[in-house]
Amino acid sequence: MRRQWSIRARVAITIGVLGLALGSTFSYTLMQIAERYEHVILRTVLAAEADSAKEDIADGRVPRMPHTAHLEGWLVPDMASAKLPEALRGLRPGIHEYRVGNGEEPHVGVFAAPNGMLVYRIDIGQIEELEEALQFWLWMLVLLSAGVTTAIGWWLAGRAVGPVDALAKAVATLPLEPAPTALAANLPSDGLGRLAGAIDHYQLRLAEAATAQKIFFANASHELRTPITALRGAVEVLLDDPSVSVPQRRRLQRLERSVTHLHWLLDALIWIARGPGEAESLSFKSQVEAAVDRLAPRLSHRGVVLDITCGDGELVAAPRRWLETMLLNLLRAVVDQRPPGPLPLHCSEGSLRLGDEVQHWMPSRSDQGIGITMVERMAAVLGWRVRCGLDVRQLFSVELDTRSKPAEWS
């Protein structure tokens, strides 16, 4: 997969490349100017020597030709004279540069005189060495400037994208429940400010939608509770009638269990609509035992016996009524899926498992008949996780993990 560079890295590299290009252009231009300046000085020096010799010739004097370690001169009748070194013979008037066997590059000036040709050879090896040193240090300066500009680009890019990172962190730490935000309050009215404003507006719409949903759930739950309560009362009255036959009593008991199930689901829906409220430090074992007591008739009917393994010191931070409703619906869902017999219930380190060790996790869907959608929703609000699966005997098991992340309650 192709690696994606961060904006900060791309900006830093771009500025570094730009610094390298500008530094290289500056160094090349400076070397060209130095080379040009060298030729101007050489032409001036050699022309001055030739003009002095021409004046001597014009005055009838024999010009004194230089013969030093760095400057030599010859007055010859023509450029084919044997007095000239072989490398200088045949040169035309002007300034010339050539390479000798030892690698040096002396410069030669050829000038026409009244009675022959004036030839000067000047060795500027020391100047050439200085030019090479200058070129070396210029390229070192180019590399250094590229590194410095890259570092400056990295710093500037960090300063530029800092507000973006801060906005990203602020969005990442938003609560699970939608709530109005003011991310754009401390940002300028540029593109970043408009982005933060759009997030604020979106959060406001989410909060309004969540509030409307809670109001709907609360109203719907209360409206449904009235007929369910009436139905439950009618079933209880019929069960108290001694004239009811055994088959009818069984049907009424089944209807009573279904009404109780629906009542617990409505409780869950109401609590979801209201919100979790304030958390308490609760004993896992006490809450489980209370839920088991309320579920005793269903356990007896299903022939399920709970084998509870839960230490007295196991604590969980949660709203009391939320945890009660979650445990009731969770126990009911597992009991209805299990055959008669023992049902292990194990809680430790903030985790509750109903059933044996899960061998195969599976997604929870409403069409599977498990009936823990409300519990999953309540757990998600608290930042918990509910998972269901099959144990080694292919029996249904559920795990409630309260350690996923800290809950954020409104």
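Structure above, values below:
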item: Within segment 36-54, considering residues that are charged (D, E, K, R) and surrounded by 11 or more Cβ atoms within 10 Å (Cβ to Cβ), the one farthest from Leu134 (Cα to Cα); result: Lys54
item: Qualifying residue in segment 240-248 (condition: more than 30 Å from Ile15 (Cβ to Cβ), touching a residue at least 60 places away in the same chain (Cβ under 8 Å) and not in a helix (DSSP H, G or I)); result: no
item: Criterion (acidic (Asp, Glu), out of contact with any Leu (no Cβ under 6 Å at 6 or more places or on another chain) and more than 16 Å from Trp322 (Cα to Cα)) met by exactly one of Glu256, Glu278, Glu289; result: Glu256
item: Test for Ala113: is it in contact with a Leu (Cβ under 6 Å, 6 or more places away or on another chain) and touching a residue at least 40 places away in the same chain (Cβ under 8 Å); result: no
item: Residue check for Thr402: of a type in the set (S, T, N, Q), closer than 18 Å to Cys347 by Cα and at pLDDT 80 or above; result: yes
item: Qualifying positions in segment 316-370 - at pLDDT 85 or above, surrounded by 15 or more Cβ atoms within 10 Å (Cβ to Cβ) and in a loop (DSSP other than H, G, I, E, B); result: Pro319
item: Some residue of segment 307-315 being in contact (Cβ under 8 Å) with a residue 24 or more places away in the chain, within 30 Å of Ala212 (Cβ to Cβ) and touching a Leu at 6+ places or on another chain (Cβ under 9 Å); result: no
item: Given (1) over 14 Å from Gly116 (Cα atoms); (2) exposed (fewer than 10 other Cβ atoms within 10 Å of the Cβ), number of the condition Tyr98 does not satisfy; result: (2)
item: Of all residues making up segment 65-79, the number that are assigned to a loop (DSSP other than H, G, I, E, B) and surrounded by 11 or more Cβ atoms within 10 Å (Cβ to Cβ); result: 5
item: Top-ranked residue in segment 113-158 [being outside any helix (DSSP H, G or I), in contact with a helix residue (DSSP H, G or I) (Cβ under 8 Å, 6 or more places away or on another chain) and of a type outside the set (A, V, I, L, M); ranked as surrounded by the most Cβ atoms within 10 Å (Cβ to Cβ)]; result: Tyr120
item: One residue from Arg8, Arg61, Arg89 being among the basic types (Lys, Arg) and in contact with a Ser or Thr (Cβ under 9 Å, 6 or more places away or on another chain); result: Arg89
item: Hits in segment 273-293 (condition: in contact with a helix residue (DSSP H, G or I) (Cβ under 6 Å, 6 or more places away or on another chain) and part of a helix (DSSP H, G or I)); result: Ala273, Gln287, Ala291
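The values are calculated or read from the model by the stated rules, or taken from the named source; none is laboratory data. All figures in this text were calculated on a predicted structure; none of them were measured in a lab. Reconstructed Cβ throughout: ideal geometry from the backbone, glycine too, with neighbour counts over all protein chains shown.
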